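Worksheet: one structure, shown below.
The values are calculated or read from the model by the stated rules, or taken from the named source; none is laboratory data. Worth saying up front: this structure is predicted, and the values here are computed from it rather than measured. Counting neighbours? That spans all protein chains shown, and the Cβs are built from the backbone with ideal geometry, glycine included. These area figures cover heavy atoms from the full protein model, side chains too; ligands, DNA and RNA do not enter into them. Shrake-Rupley method; radii C 1.70, N 1.55, O 1.52, S 1.80 Å.
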Amino acid sequence: MRVVEVSAPATIANLGPGFDIVGLAIEGFRDIVRLELREDNKIEFELVNNTGVEISEEPEKNSAVVSALKVMEYLGVRRGFRMNLTKNVPVGIGLGSSGASSAAAAYAMNTILGGKLPMELLVKLAAEGERAACGSPHLDNVAPALYGGFTMILDVEKPVIFNIKPSVDFSIVLVTPKVYLPKNKTEYARSLLPKNVSLELMTKQQASLARLIIGIMRGDLEMMGEAISRDYVVEPARSIMIPSFHKIKEHALKSGALGFSISGAGPSVFAITYPEKAENLLKEIISKFEENNVEARGIITKPSTLGAAIKNLE
Ligand code: HSE
């Protein structure tokens with residue numbers, strides 16, 4: 001195979017208490033990587049940017065190119081390539097944009113070089129691509145972007161990934177407030193986090209994470225929702241990024257949200273709900289933001305069971 005085209009979805013990381021561990025692929029936005037090997041050693045990179053946000057076109061600064069190079073390096077291959085990246089996943093709003101590009105690129109490069117590497121290794125290599133884009137190689141965006149559905153990181157170093165597809169239908173209401181944040185938003189959002197937590201807090205957070213995982217495994221939306229709303233460590237530290245966060249959360253939970261938290265490193269917020277309640281919930285969250293003088297826009301989406309997906313070209 002000389003040319004491949006691979007797409008990978010946007011993702012919601014953390015899902016409340018699952019900081020850096022739990023993630024979910026969602027429908028609505030997919031980045032697309034078209035990759036072709038060259039006979040020489042040159043790297044050509046072309047960007048089709050549909051996000052409305054400026055993205056560097058320098059190959060070495062792009063998470064997709066870096067991920068593809070990591071896969072080559074791991075396989076001991078040195079070849080030039082031409083990569084065309086179509087960016088559809090919104091940038092800098094907490095939807096794992098660089099993770100989607102990294103996942104698609106790692107998957108594409110592995111496929112074009114014979115598909116030898118296991119998915120868990122691709123997660124690790126794609127996360128190295130993410131490091132190029134946002135400074136820290138966390139796995140909770142690239143894993144669901146590669147596998148689809150929910151992913152849980154069971155071993156961060158190796159890594160070991162557990163993947164489960166949602167067994168019940170639910171909607172995700174995703175709202176992005178218009179706020180101004182430093183350019184390297186993820187790094188900034190991570191700098192807000194406490195370096196240490198007390199044993200008491202750790203116990204509470206572990207209980208929430210257990211609740212989240214059991215909720216996901218049982219397909220119990222109420223249990224999942226309650227867990228999503230109970231992040232005692234990350235959300236309190238990051239809520240300062242989102243004006244009126246606590247009022248919005250309280251209102252969302254009264255307006256049909258089963259669970260509400262910050263999506264990834266923010267500033268988007270998300271709620272899970274029953275499909276028939278989603279439209280009203282979206283309206284309520286946006287109007288509550290506006291009532292508090294914050295412009296916001298949002299969408300209704302759902303989990304994507306499809307992770308990185310290939311389309312053979314030649
Ligand atoms: N788990 C990461 C964080 C996701 O919350 O910082 C960033 O996209």
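Could you give the radius of gyration (one decimal) and Dmax (whole number) of the Cα atoms in the range 197-242, in Å?
Final numbers for Rg and Dmax: 11.5, 33 Å.
Where the centroid of each part is defined by its Cα atoms, how far is the range 234-269 from the range 1-15 in Å?
Here the two parts' Cα centres lie 27 Å apart.
Could you sort out which of Lys42/Lys158; Lys42/Lys302; Lys61/Lys311 sit more than 29 Å apart by Cα distance in this structure? Provide the component values of the computation, followed by the final result.
Numbers: Lys42/Lys158 32 Å; Lys42/Lys302 40 Å; Lys61/Lys311 26 Å.
The pairs that break the limit, which is 29 Å between Cα atoms, are Lys42/Lys158; Lys42/Lys302.
Tell me what the chain gives for mean residue ellipticity at 222 nm when only DSSP H runs of n ≥ 4 count, each as -39,500 (n - 2.57), the sum divided by the residue total, rounded to 500 deg cm²/dmol. Don't jump to the answer; show the numbers that get you there.
Values: 10 runs with 115 residues, N = 314.
Taken over the chain, the calculation gives -11000 deg cm²/dmol.
For Phe162 and Leu121 in the same chain, what is the full-extension length gain: residue separation times 0.36 nm, less their Cα-Cα distance, in nm?
Working: separation 41, 0.36 × 41 = 14.76 nm, distance 1.33 nm.
Roughly 13.4 nm would be gained on extension.
Name the residues whose placed amide hydrogens come within less than 5 Å of the amide hydrogen of Ala308, ignoring near sequence neighbours (fewer than 5 apart) on the same chain.
When sequence neighbours closer than 5 places are left aside, the close amide H contacts are Leu146, Tyr147, Gly148.
Just want to confirm a number: the relative contact order over the chain, from Cα pairs under 8 angstrom separated by 6+ residues, in percent.
On the way: 770 pairs, mean separation 79.2, N = 314.
Contact order relative to length: 25 percent.
Return the carbon/sulfur percentage of the accessible area of the range 171-301, one whole number, probe 1.4 Å, all protein chains in place.
Numbers: 3420 of 6450 Å².
On the range 171-301, the fraction of accessible area on carbon and sulfur atoms equals 53 percent.
What are the residues whose amide H is under 5 Å from the amide H of Val3, where those residues sit 5 or more places off or on another chain and H is modelled from the backbone?
Leu313, Glu314
Can you list, largest first and rounded to whole Å, the semi-axes you get for the range 1-90 by taking the square root of 5 times each eigenvalue of its Cα gyration tensor? Can you show the working numbers first?
Working: eigenvalues 138, 54, 30 Å².
Value: 26, 16, 12 Å, ordered largest first.
Among the helices of the chain (complete DSSP H runs), which have Cα atoms covering no less than 30 Å along the helix axis and a Kyte-Doolittle mean of at least 1.6? Could the numbers behind the result be given before it?
On the way: long enough: none.
Span-like helices, by this rule, are absent here.
Just order 301-309, 53-61 by mean Cβ neighbour count inside 10 Å, highest at the front, would you? Write out the running numbers ahead of the final one.
Working: 301-309: 20.2, 53-61: 12.7.
Highest mean packing first, the order is 301-309, 53-61.
At 1.4 Å probe size, with every protein chain present, just tell me what the per residue accessible area of the chain comes to in Å². Each step should come with its number before you reach the end.
On the way: 13670 Å² over 314 residues.
Heavy-atom SASA per residue in the chain reads 44 Å².
Taking N as the number of residues in the chain, what is its alpha-carbon radius of gyration divided by 2.2 N^0.38 Å? Working shown, then result.
Numbers: Rg = 19.0 Å, N = 314, 2.2 N^0.38 = 19.6 Å.
The reported ratio for this selection is 0.97.
Ignoring ligands, DNA and RNA, what percent of the 1.4 Å accessible area of the range 50-103 is carbon and sulfur? Working shown, then result.
Details: 1050 of 2250 Å².
Carbon with sulfur: 47 percent of the solvent-accessible area.
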